[in-house]
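J.: There's a structure below that I have some questions on.
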Amino acid sequence: MGEQVVVDERTVLRVRRAVERAGSPAATVNEGAWRRSRDALLDDFEAGHDAEVSPARIRDVIDFLAEALPSAEARMTPREWERAVTAITDELLSLLPR
């Protein structure tokens, strides 16, 4: 299966919070596919546990968040969203093997 990355429980919670606050990136996106992608990420990063995922899955999270907008429920400005995504992206990138 290849090398796995261990994401500690604290970071898992940050990933989940960001994914839960993510909104669909555009009206032209297939909403059903986007929701399935979001739900799969939430399944992979289960609250209360460390996550063991592939480096590709880490990149999937980064891509998902980079493409998303803040949801209305997140009550975040686009600038706040950008700062939050940058912070979690930096944290996730530091976990990848070099």
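J.: Applying the selection to the stretch 45-85, what residues are in contact with a strand residue (DSSP E or B) (Cβ under 8 Å, 6 or more places away or on another chain) and β-branched (Val, Ile, Thr)?
T.: Val53, Ile58, Thr77
J.: Something else now. Considering only residues of the stretch 24-45 that are closer than 23 Å to Leu93 by Cβ and under 12 Å from the mean Cα position of the chain (by Cα), which is most open to solvent (accessible area, probe 1.4 Å)?
T.: Here the residue is Asp43.
The values are calculated or read from the model by the stated rules, or taken from the named source; none is laboratory data. Computed from a prediction, not measured in an experiment: that's the story for all the values here. Quick reminder, even Gly has a Cβ in these numbers, built from the backbone with ideal geometry, and neighbours come from all protein chains shown. In case anyone asks, the SASA skips ligands and DNA or RNA and just uses the protein heavy atoms, side chains included. Shrake-Rupley method; radii C 1.70, N 1.55, O 1.52, S 1.80 Å.
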